[in-house]
Amino acid sequence: GIVGVFGYGGGVIGRYCDQPEKFPGVAHFHTIRVNQPGGKYYKTDFLKKLCDLWDKRGSGLTNMHGSTGDIILLGTYTHQLEEVFYELTHDFNQDLGGSGSNLRTPSDCLGMSRCEYACYDTMALCYDLTNEYQDFLHRPAFPYKFKFKFDGCPNCCVASIARSDMSFIGTWRDDIKIDQEAVKAYVGGEIPPNAGAFKGRDWGAFDINAEVIDLCPTKCM
């Protein structure tokens with residue numbers, strides 16, 4: 001609440017040195033949170049422009065990404081905050097993230113764009129809810145912070161259970177699909193294990209009970 005940009009209550013974390021005369025270079029060292037793109041996909045030229053901006057307006061130190069998920073720009077002076085905000089919104093088409101007692105920047109795994117395990121479109125849901133709750137993201141209205149995170153499956157790649165208040169985790173909602181003919185071919189040696197990586201090593205016949213069923217952590221098989 002001590003520093004920020006016009007119209008926003010979040011996005012900037014104020015940092016001051018308590019001995020400015022002794023350390024003038026870090027008399028102010030404000031942190032800016034920038035809303036990351038869905039799935040954290042970037043073009044190289046965007047990252048270069050962002051680093052150039054921060055070299056000019058800040059310390060040049062970044063964190064890709066914070067625990068919340070934002071791009072973290074570490075260390076700048078108060079008079080640079082509006083300048084950075086203007087360039088981010090007008091030249092980069094990029095918004096600030098959340099900080100303080102508000103909805104923090106929703107964060108997602110890359111979901112169906114790259115991952116075979118994703119059970120729903122994490123990027124689409126994250127984008128929709130970010131837009132839906134935009135006002136709560138920028139203008140703190142809560143007694144404490146609140147976080148959404150979107151995991152496409154229980155592998156929890158964005159650590160939604162550990163790092164959010166409301167986890168969206170994709171789970172399989174149908175009967176388990178088993179290609180019995182492929183299982184027989186694998187057990188019979190027609191399909192090489194691990195795509196042939198162990199070719200030439202004779203470990204004996206494949207024992208499906210010992211190597212699959214007995215290792216099932218839930219004992220469902």
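Rounded to whole numbers, the Karplus 3J(HN,Hα) couplings from phi for segment 100-111 are x, 7, 9, 6, 7, 4, x, 9, 9, 7, 6, x Hz, using 6.51 cos²θ - 1.76 cosθ + 1.60 with θ = phi - 60°, and x at Gly and Pro.
A simple charge model with +1 on the Cβ of Lys and Arg, -1 on the Cβ of Asp and Glu and nothing else charged puts the dipole of segment 1-99 at about 240 debye relative to its Cα centre. Loop-located trypsin sites (Lys or Arg not before Pro) across segment 184-221 with a Cβ neighbour count of 15 or fewer within 10 Å are LYS199, ARG201, LYS219, with loop assigned by DSSP. Proximity of backbone amide H atoms, modeled 1.01 Å from N, is registered between GLY9 and ARG139 at under 5 Å, excluding neighbours fewer than 5 places apart on the same chain. In the chain, the longest principal axis of the Cα atoms and the axis of helix 81-90 are about 50 degrees apart. Per-residue 3J(HN,Hα) values for segment 23-36, derived from phi via the Karplus relation 6.51 cos²θ - 1.76 cosθ + 1.60 with θ = phi - 60°, read 10, x, x, 10, 4, 10, 8, 5, 9, 10, 9, 10, 4, 6 Hz in sequence order (x marks Gly and Pro). 3J(HN,Hα) along segment 213-219: 5, 5, 8, 5, x, 9, 6 Hz, from the Karplus curve 6.51 cos²θ - 1.76 cosθ + 1.60 with θ = phi - 60°, whole Hz, x for Gly and Pro. Relative to the longest principal axis of the Cα atoms of the chain, helix 44-57 runs at roughly 30 degrees. Accessible surface for the chain, divided over its residues, is 63 Å² per residue with a 1.4 Å probe. Magnitude of the charge dipole for the chain, about its Cα centre and with charges confined to Cβ atoms of Lys, Arg (+1) and Asp, Glu (-1), is about 560 debye.
For a protection proxy built on the mean count of beta-carbon atoms within 10 angstrom, sort 9-15, 89-95 highest first, please.
On the way: 9-15: 20.3, 89-95: 12.7.
Ranking the peptides 9-15, 89-95 by packing returns 9-15, 89-95.
Each of CYS126, GLN180, ILE213 was placed along the dipole of segment 65-221 (beta-carbon charges, centred on the mean Cα), and the one lying farthest toward the positive end is ILE213. The mean sequence distance of close C-alpha pairs (under 8 Å, at least 6 residues apart), as a share of the length of the chain, puts its relative contact order at 16 percent. Toward the positive end of the charge dipole of segment 1-99, with +1 on the Cβ of Lys and Arg and -1 on the Cβ of Asp and Glu, the farthest Cα among ASN93, VAL5, HIS79 is that of ASN93.
Against the chain, whose longest principal axis comes from its Cα atoms, helix 122-132 is set at around 30 degrees.
Isolated cysteines of the chain, defined as having no other cysteine beta carbon under 4.7 Å away, are CYS17, CYS51, CYS115, CYS119, CYS126, CYS153, CYS156, CYS216, CYS220. Atom-type composition of the exposed protein surface of the chain places 55 percent of the accessible area on carbon and sulfur (1.4 angstrom probe). Beyond a 22 Å Cα-Cα separation, which of these cross-linked pairs lie in this structure: LYS40/LYS149; LYS49/LYS147; LYS177/LYS199? Among LYS40/LYS149; LYS49/LYS147; LYS177/LYS199, the Cα-Cα distance tops 22 Å for LYS49/LYS147; LYS177/LYS199.
Each other residue within a Cβ distance under 9 Å of ALA159 adds +1 if Lys or Arg and -1 if Asp or Glu, for a net charge of +1.
The values are calculated or read from the model by the stated rules, or taken from the named source; none is laboratory data. What you are looking at is a predicted structure, and each value in this text was computed from that prediction instead of being measured. Please note: Cβ atoms are built from the backbone with ideal geometry, for glycine as well, and neighbour counts cover all protein chains shown. Remember, those area values only see protein heavy atoms, side chains included, never the ligands or the DNA or RNA. Shrake-Rupley method; radii C 1.70, N 1.55, O 1.52, S 1.80 Å.
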